[in-house]
Amino acid sequence: MKTQCGRLISTFAAAAFAATSWAAVSPSEYQLKAVFLFNFAQFVQWPADAFPSPTTPFLICVIGSDPFGVDLDNVVRSEVVNEHPLEVRRIQAAAQSADCNLLYIADSERPRLPQILSTVRDRPILTVCDATAEPQRSGVMIQLLRDSNRIHLRIDLAAAKAAQLTIS
């Protein structure tokens, strides 16, 4: 755990350094959020049975209209989480989420959010979405809230625990 914390600090320090050294070219909101998704993959613990084999890919799925473009693919390219190669998959229906480990729910899916959450409920799938001015979305484990030039997190630990996930 100590190594993971050190790695987390190093990763965020590198991101902060990159953000300050890119003064002329600031990263976009979704470039930053892609880095957050990558970090969530590293610092959330999944139950052992979430991966059928040691070589099963860690799947980051995006449901709905993909706001990341190639940025998410670029961030996870050639990366590994606990010996699982990272892959990005775009899906259009919650029924396609069975193999996902992390599910980013795009804003285009807001009307179907209750159905999506019902489909993945109590399964070891970390759910992430953008927060809005609406009250906290019950059941979404991590909400990303943009405030000026910062990204804040809203975390629903009860939803994560129900899915047998541990958020460090």
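So that you can scan it fast, the table gives a plain yes or no per residue for (1) touching a Ser or Thr at 6+ places or on another chain (Cβ under 7 Å); (2) within 30 Å of Ser26 (Cβ to Cβ):
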residue: Asp49; (1), (2): no, no
residue: Leu59; (1), (2): no, yes
residue: Asp66; (1), (2): no, yes
residue: Arg77; (1), (2): no, yes
residue: Ser97; (1), (2): yes, no
residue: Asn101; (1), (2): no, yes
residue: Ile125; (1), (2): yes, no
residue: Leu153; (1), (2): no, yes
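Only one entry of Leu86, Leu103 meets the criterion of being within 19 Å of Leu144 (Cα to Cα) and not in a helix (DSSP H, G or I), and that entry is Leu103.
The test for being open to solvent by less than 70 Å² (accessible area, probe 1.4 Å) and of a type in the set (S, T, N, Q) does not hold for Asn74.
If you go through the range 152-168 and keep only what is part of a loop (DSSP other than H, G, I, E, B) and exposed (fewer than 14 other Cβ atoms within 10 Å of the Cβ), you end up with just Ser168.
The values are calculated or read from the model by the stated rules, or taken from the named source; none is laboratory data. Since the model is a prediction, treat every value here as computed from it, not as a measurement. Every residue, glycine as well, gets a Cβ built from its backbone with ideal geometry; the counts of neighbours run over all protein chains shown. With ligands, DNA and RNA removed, areas are computed over all heavy atoms of the protein, side chains included. Shrake-Rupley method; radii C 1.70, N 1.55, O 1.52, S 1.80 Å.
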